Amino acid sequence: MTTLAALFKSSLPSETLSSLQKAPAINDQIITLLLDNKCCFRCVLRFLGDRQSKTHQIMPMHTLPATVNDSNAALTRRTAIAMEGIGAVFTAHTCTDTEKDAQPVETMTSPLRVQGIPKCVCPACLGLLQIDYSSLATQAYQKYLNKPYIRNEMTFSVSNRMPPQLSIRQRSISLMIEKMLASISSTTSDEKIDIPTPIEVKEIFKSLICASFSQESGMVYDVESKLSLQLHLEHPATATDFMFLTKIPHAKFNVKTTKRKGVMIYAGASIEKIAKAVALAKYEDFYAHEQIPLSAVDQLPSISNLDFNHSQIYIAGRYCKLQRGISNSPWIIGGKRLTEHSVEELVGSHIDLFFGVSEHKFSSAGREDGDVLMLGTGRPFYYELINPYRCVATESELATLQRKINDSNKDMVSVRDVQIVTRESTSIMKDSASSKSKSYSCVVEFSKPVSMFILDEIAKRTDIAVAQKNPTRVPRRADLLRHKMIETIEFVPIEMSLMEDDSEGVKTVRVNMKTSAGTYVKEFVHGDNGRTEPCLASLVGVESAKVIELDVLEIHLSWPPAKHRE
């Protein structure tokens, strides 16, 4: 066993070392192969199938000299490892010229520090398992503190994106191990040697940064946490390693290249496609294209993104629209705004400010036209808040928020029952799209007076079936035939006029009705040139009927729960 392999084994905790003794000859061969290829100790562990976080945390993160021949000489100059607590550190020493040559050129975008001396970058993990996790955790926590979060989170999760070329390097080493063990097996026995399944760099990286950030921040890692540390890492020096795969027919890997502002852009080189292609490539393919042995790496990885993201929260309530000329959401066509205000903006501006968001998604239980009022207990709605800085609020704070919305939008829009809801509960509103009922009141003018007797007879009917094609005023919707129901209808005369027989009839009437969800009420009144059948005009026997004004009286949906506030 080489001095370096012995040094590696001496760094292991007793339980890990004990597990390696189950197949000592095979493991020793793998360890020697990996160290001869300048892999870091953590990569040796992961190729042995060890995913224990504590084991990886205590590994001394030295790196190797520039050439394998210099390994033992350099190590003999290194002082003994001092095991202190759960960590192992190397005492500093003066680098030789060979070691200095192995130190990488810093990358331009947020280079990461490597632990230990000298800075020889591991070709298997591209240095990602050699970085100073404590320093990275400090940098991340400072980023968190600089954001205006309402600091009530005691947990965090991690989302990390790794360089896609890692799968190429992992496959290369796995093929080398398979080749070596196959050779051993053919000369020693007929039994097949079990090859350890390597652990992904991403998994080890995640466990290490989680431990360091937890120690730095005092937060606890929780995969279900709503606060996520986002880490995107790159290794520009090896970013085009995948190109050799395009020369291997059975790898079935193709990319399209374009040049944009002097930079080559590769389309089709996703992590998934690269991983799938390398799985189809064989040892001979890697060797023929000089991917075995692994090429040396002299640059550190870099951070392309370090940020925090809070998962969405949902704010629900009910709104009333008290003024005509206000659309449900911003109404803009061809760059021109057709209404000055919208419910979404009038209410959402206050919600966004309170919860500290710059982006939201607005949904409501249907929508009324801009010239229609929304009365009664209001229309259910919810906002999906993207990456909020505040994610909780007391009942008192929500009541204050509701009051501010109403005070600033007097005679325009009012809200009630404002509350935080779960994502799952919003499905109640979504699922009710075809099942809830709505009540309307509209003023209708007939083309000629109608007998009150006829109106009374129609009012006796319930569940009037109506077939509606897509309205001509809504050209963007699919031209489907929708079957709706007028559940109840009643008439209140407003203007009387003489009919042809000189008897008094109704010229203008208020029509109150309850309908199934999604009924086009205006079209039910006038018929939309035959696209709605039957319509009110045909039922009463007039040539035409015109909607003067329309109000929504009630959305019959018991969501969100009522909040009894002043």
- Query: If Ser311 passes every condition in (1) out of contact with any Asp or Glu (no Cβ under 6 Å at 6 or more places or on another chain); (2) buried (at least 22 other Cβ atoms within 10 Å of the Cβ); (3) not hydrophobic (A, V, I, L, M, F, W, C) but one, which one does it miss?
  - Reply: (2)
- Message: Based on this model, can you work out whether Glu203 counts as farther than 29 Å from Ser295 by Cα, in a helix (DSSP H, G or I) and not aliphatic (A, V, I, L, M)?
- Response: no
- Item | Residue satisfying condition, being surrounded by 20 or more Cβ atoms within 10 Å (Cβ to Cβ) and either in the same structural domain as Cys40 (by TED's automatic domain parsing) or not in a helix (DSSP H, G or I) (or both), within set Ile209, Ile193, Ile184 | Ile209
- Task: Exactly one condition in (1) surrounded by fewer than 13 Cβ atoms within 10 Å (Cβ to Cβ); (2) at pLDDT 90 or above; (3) over 30 Å from Val415 (Cβ atoms) is not met by Pro534; state its number.
- Result: (1)
- Query: Are any residues in region 409-443 modelled with pLDDT of 95 or more, in contact with a Leu (Cβ under 8 Å, 6 or more places away or on another chain) and among the hydroxyl-bearing types (Ser, Thr, Tyr), and if so, which ones?
  - Reply: Ser414, Ser439, Tyr440, Ser441
- Note on the structure: Scanning region 241-279 for residues that are surrounded by 14 or more Cβ atoms within 10 Å (Cβ to Cβ) and of a type in the set (Gly, Ala, Ser) gives Ala251, Ala269, Ala275, Ala277
- Among the strands (runs of 3 or more DSSP E) contained in region 235-342, which hold 1 or more residues that are at pLDDT below 90 and under 27 Å from Cys122 (Cβ atoms)? 263-267
- Task: Within region 389-399, identify whether any single residue is surrounded by fewer than 16 Cβ atoms within 10 Å (Cβ to Cβ), closer than 30 Å to Pro163 by Cα and at pLDDT 95 or above, and answer yes or no.
- Result: no
- Message: Pairs needed: first member in region 294-306, assigned by TED's automatic domain parsing to the domain that holds Ser228 and loosely packed, with under 14 Cβ neighbours inside 10 Å; second member anywhere, at pLDDT 90 or above and not in a loop (DSSP other than H, G, I, E, B); C-beta distance under 6 Å; at least 6 residues apart or different chains.
- Response: Asn305/His232
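The values are calculated or read from the model by the stated rules, or taken from the named source; none is laboratory data. Small disclaimer: the values here were computed from a predicted structure and weren't measured. Positions of Cβ are generated from backbone atoms using ideal geometry, with glycine treated the same way; all protein chains shown enter the neighbour counts.
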